[in-house]
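S.K.: Sharing a structure, written as structure tokens. Questions coming.
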Amino acid sequence: MSIRLRLALYYGALFAVILLLVLLLGYAIHARGQYDDLDRTLVLSAGHAEAEASVSPTGPHLVQGKGDLEIALRLYDAHGVLQESTPGTSALPRLDPRSVLQAPAGPAYDPLVQLIPPFMSSPVPPDPAGAFGFLTTPQQRWRVYALPVHRGTPAIGYLEALTPLGRLDASIQAFRIMLPILGLSSLATALFGSWAIAGRALRPVAMMTQTAQTITLSQDLSSRIDTPTHRDELGRLAKTFNIPSQESPALKHGEQWRVL
């Protein structure tokens, strides 16, 4: 295997390791940020709705409002029976908020995202009394955040904030598919670039080898190897080849120089 090929493979392998780490870290940070932002929105929406529901003089009620966020709200009584919900949630399956509070679900992103260091993310600090869960329909997943409604103790009801994950899941899936394509393309470019750079760097060696072979075949010991302009290892090697031998009898008469 030639030195040029070995250098290209070494550079390519190093680049592949660095690229893999960068792509994994970039995917993890992007995916976690998207899902954490959604969870943060659920926590804020549920907190506001719970505060408004708990001060209603006629008992817990949802305050219907308009917003651009895809957040649905459902209000349950103290026994987990659905009392009110925002428009568009009638087709969703019922989910007892007490079961969510008793068995909270994990994060919405895949386990690979959890590998990023904690200091590189901003986890969502939920209300100590609340908990996250999931609701699955044939079309998509829904992220659920359940929160008790208090007016003293015990809870007088439960509030659920829900948001669909279909579009976000599809976006993250497309991003996950794009990363290997981007990685392979970058790796191929890096290998080609490493091959070209290694060839350019070793060109003086090829020229010195060709000159040495010419001198050997012609027995013209007065010829010299061209010295590279750069003062690097190759330049010193060329100068070493061009040093006259102190042991040559012809040198003593100033007739010949021998290429070492």
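S.K.: Could you give the length gained by full extension between residue 178 and residue 153, i.e. 0.36 nm per residue of separation minus their alpha carbon distance, to one decimal place? List each step's numbers first, then the result.
M.R.: Details: separation 25, 0.36 × 25 = 9.00 nm, distance 5.11 nm.
Here the segment from residue 178 to residue 153 would lengthen by 3.9 nm.
S.K.: Let me ask something else about it. Using a cut-off of under 20 Å, list every residue of the range 73-116 whose amide N is near the label point 7 Å from the Cα of residue 21 along the Cα-to-beta-carbon line.
M.R.: Only 112-116 pass the distance filter.
S.K.: Another question, if that's okay. Give me the Kirkwood hydrodynamic radius of the range 3-175 in Å, from all C-alpha pairs, to one decimal place?
M.R.: On the way: mean 1/r = 0.0552 Å⁻¹.
After inverting the mean inverse Cα-Cα distance, the result is 18.1 Å.
S.K.: Counting Lys and Arg as +1 and Asp and Glu as -1, what is the net charge of the other residues whose Cβ lies under 13 Å from the Cβ of residue 196?
M.R.: Here the count lands on +3.
S.K.: Sorted by average packing, counted as other Cβ atoms within 10 angstrom per residue and highest first, what order do 170-181, 129-140, 153-164 take?
M.R.: 153-164, 129-140, 170-181
S.K.: Show me the ranking of peptides 39-52, 73-86, 90-103 by mean Cβ neighbours inside 10 Å, starting with the highest. Please report the intermediate quantities before stating the final value.
M.R.: Values: 39-52: 18.7, 73-86: 17.1, 90-103: 14.5.
Ranked from most to least packed, the peptides come out as 39-52, 73-86, 90-103.
Here, each number is a calculation from the coordinates, and none is a lab measurement. Note that the structure is predicted; figures quoted are calculated from it, not measured. Positions of Cβ are backbone-derived with ideal geometry, glycine not excepted, and every protein chain shown enters the neighbour counts.
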